[in-house]
Amino acid sequence: MSHLSPRKPEGESPAGLPAGSLETSTLLALRELIHTGSLVAPAIARRASLSRSELRALELLFDGPLGPVDLARELGVTSAASSGIVDRLVAREHVVRRPHDTDRRRTVVTITDTGRSDVMGHLTPMFLALHELDADLDDEERATVERYLRGAIEALRRLV
């Protein structure tokens with residue numbers, strides 16, 4: 001597992017924290033979760049024979065249609081690169097270009113049922129396993145886990 005903080009000599013910890021304070025079982029598990037989570041999208045893209053940008057475009061389109069310029073901005077690529085991504089997804093029948101509902105000069109990109117089912121087919125086993133894990137928690141455990149995760153999310157958001 002990769003570490004989010006550099007190793008310090010024995011007895012020292014980053015930011016003047018007590019030795020070992022970043023090595024608790026919960027923090028180690030959280031770091032492992034973050035690291036493993038970062039591996040999911042590349043693995044799904046490989047299995048689906050998609051580039052990471054193509055998968056990310058499909059993820060964005062799950063929330064609804066986007067214009068080509070909006071898609072490029074969300075992907076952090078040029079309009080030309082975004083157009084190439086959309087062209088490849090259209091060729092695979094994962095997305096379609098359609099006229100904008102109110103401005104016929106514009107187009108929007110919409111995910112197809114094929115695109116949606118391809119991505120979901122790869123993610124469903126993970127979602128089922130997480131659902132089973134969650135179902136095993138009682139209300140008190142769920143509240144504790146949620147409080148911890150919300151605090152971790154807030155700590156991470158301070159960096160982005």
Next item on the list: Give segment 18-49 a look and list any residue that's open to solvent by less than 60 Å² (accessible area, probe 1.4 Å), within 30 Å of Glu93 (Cα to Cα) and in a helix (DSSP H, G or I), or say none.
Entry: Gly37, Val40, Ala41, Pro42, Ala43, Ile44, Ala45
Next item on the list: Could you list all residues from segment 90-119 that are surrounded by 12 or more Cβ atoms within 10 Å (Cβ to Cβ) and among the aliphatic types (A, V, I, L, M)?
Entry: Val90, Val95, Val96, Val108, Val109, Ile111, Val119
Note to self: Any residue in segment 145-157 that is under 14 Å from Arg31 (Cβ atoms) sitting within a Cβ distance under 7 Å of a residue that is in a helix (DSSP H, G or I)? List the pairs, counting only those 6 or more apart or interchain.
What the structure shows: Ala152/Leu30
Checklist line | Options Thr144, Thr110; residue that is among the polar types (S, T, N, Q) and in a strand (DSSP E or B) | finding: Thr110
Next item on the list: Could you tell me whether any residue of segment 73-80 is surrounded by 14 or more Cβ atoms within 10 Å (Cβ to Cβ), modelled with pLDDT under 95 and outside any loop (DSSP other than H, G, I, E, B)?
Entry: no
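With the structure loaded, tell me whether Glu59 is touching a residue at least 60 places away in the same chain (Cβ under 8 Å), open to solvent by 40 Å² or more (accessible area, probe 1.4 Å) and under 30 Å from Arg147 (Cβ atoms) or whether it fails that test.
Values: touching a residue at least 60 places away in the same chain (Cβ under 8 Å): yes; open to solvent by 40 Å² or more (accessible area, probe 1.4 Å): yes; under 30 Å from Arg147 (Cβ atoms): yes.
For Glu59, the condition - touching a residue at least 60 places away in the same chain (Cβ under 8 Å), open to solvent by 40 Å² or more (accessible area, probe 1.4 Å) and under 30 Å from Arg147 (Cβ atoms) - is met.
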Notebook entry, point to check: Taking segment 63-72, which residues are surrounded by 15 or more Cβ atoms within 10 Å (Cβ to Cβ) and part of a helix (DSSP H, G or I)?
Noted result: Pro68, Leu71, Ala72
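The values are calculated or read from the model by the stated rules, or taken from the named source; none is laboratory data. Since this is a predicted model, take the numbers as computed values, not measurements. Cβ coordinates were reconstructed from backbone atoms using ideal geometry, including for glycine residues, and neighbour counts include every protein chain displayed. Accessible surface is based on the protein model in full, side chains and every heavy atom, while ligands, DNA and RNA are left aside. Shrake-Rupley method; radii C 1.70, N 1.55, O 1.52, S 1.80 Å.
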